[in-house]
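Peer 1: Here it is, the structure, as structure tokens.
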Amino acid sequence: MFNFCDTSVIERPLIEHEANLTYREFIMYKLLFCSLALFCVTACGGGSSSETSNEVITQPVPAPTPVPATYIGVFLDSAVEGLTYNTASQSGKTNASGEFIFQSDEQITFSIGSITLPAISSKLLLTPFDIFNTDDINNIEVVNLLRLLQSLDVDGDPSNNIQISDEAHQFAQGLIVDFSDDNFEESVAELIAMSGSVNMQLISAQGAIDHFQLTLNQISNENIASCAKTHAMVGYSGFFETFHHNVAGQATIIDDCTIEITQFD
């Protein structure tokens, strides 16, 4: 096949016949030769070049997945240590301060062996009131839970926290308890005796209520003690007198929650 890019093929016939050509024919041959040579250079890529790109393509870096915040809550009768807890993201046992870990908007369940308390919304402070959705300290389910927790306390002294032993968890496996049952005491009698606690039987309802009331009083006092002092009138003091009841005194604004009355007459 004829290669138009091989100029030697064109050049040889011209050289061989150059001597026999007239001047006009010689010029025409030369023009033809130059045209063919230019065609070959163009057609065969003589003037082309390849360019290598030095551009660096940067792949987009995906944004890191945000890590959900965790919070530390506390379960109080007094602080209850050794309660098993479970949420959608966390699990474990409450520590000596009654603390557990949770994420926002999670449900949490507490248990002792197979005795599982109702699931409730996690928050920073939980008590038996929250478990049974009441604020009635005489509610039978609240009272029976208080009795059980305080009776399982290893040293029998709930004032220094309530510690539930591993033995109590093991012996409570397979045990189902109804906290509203009239026969509640009988249903947990063997558990109390075998739990490793110094208590050998369920403590009285009144004793359990009295202890929990002390805890509630402490919580209330701590809330008052932590009250902010942001109001513009904090520290303001003034005298008052009522005509209808004939009483008088001095009122001082202590904080956002408290007004102190002195010189009451």
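The values are calculated or read from the model by the stated rules, or taken from the named source; none is laboratory data. Computed from a predicted model, the values in this text were never measured in an experiment. Cβ atoms come from the backbone with ideal geometry, glycine included; neighbour counts cover every protein chain shown.
Peer 1: Considering only segment 120-166, state which residues are closer than 13 Å to VAL198 by Cα and out of contact with any strand residue (DSSP E or B) (no Cβ under 8 Å at 6 or more places or on another chain).
Peer 2: Across segment 120-166, the qualifying residues are SER151, GLY156, ASP157, PRO158, SER165.
Peer 1: Sticking with this one: Kindly check whether there is at least one residue in segment 50-69 that is small (Gly, Ala, Ser) and closer than 28 Å to ASP210 by Cβ.
Peer 2: No, segment 50-69 has no match at all.
Peer 1: Right, next: Would you confirm whether or not segment 194-202 contains a residue that is modelled with pLDDT of 70 or more and in contact with a Lys or Arg (Cβ under 8 Å, 6 or more places away or on another chain)?
Peer 2: yes
Peer 1: A follow-up question, please. I'm trying to understand the selection: among the residues of segment 97-129, which are assigned to a loop (DSSP other than H, G, I, E, B), touching a residue at least 24 places away in the same chain (Cβ under 8 Å) and in contact with a helix residue (DSSP H, G or I) (Cβ under 7 Å, 6 or more places away or on another chain)?
Peer 2: The answer is GLY113, LEU117.
Peer 1: Take the conditions over 18 Å from GLY82 (Cα atoms) and either among the basic types (Lys, Arg) or surrounded by 17 or more Cβ atoms within 10 Å (Cβ to Cβ) (or both) and apply them to PHE179. Does it pass?
Peer 2: It is true that PHE179 is over 18 Å from GLY82 (Cα atoms) and either among the basic types (Lys, Arg) or surrounded by 17 or more Cβ atoms within 10 Å (Cβ to Cβ) (or both).
Peer 1: Here is a follow-up. Does SER180 satisfy the condition of being part of a loop (DSSP other than H, G, I, E, B), of a type in the set (Ser, Thr, Tyr) and touching a Gly at 6+ places or on another chain (Cβ under 9 Å)?
Peer 2: So SER180 does not fit the description; no.
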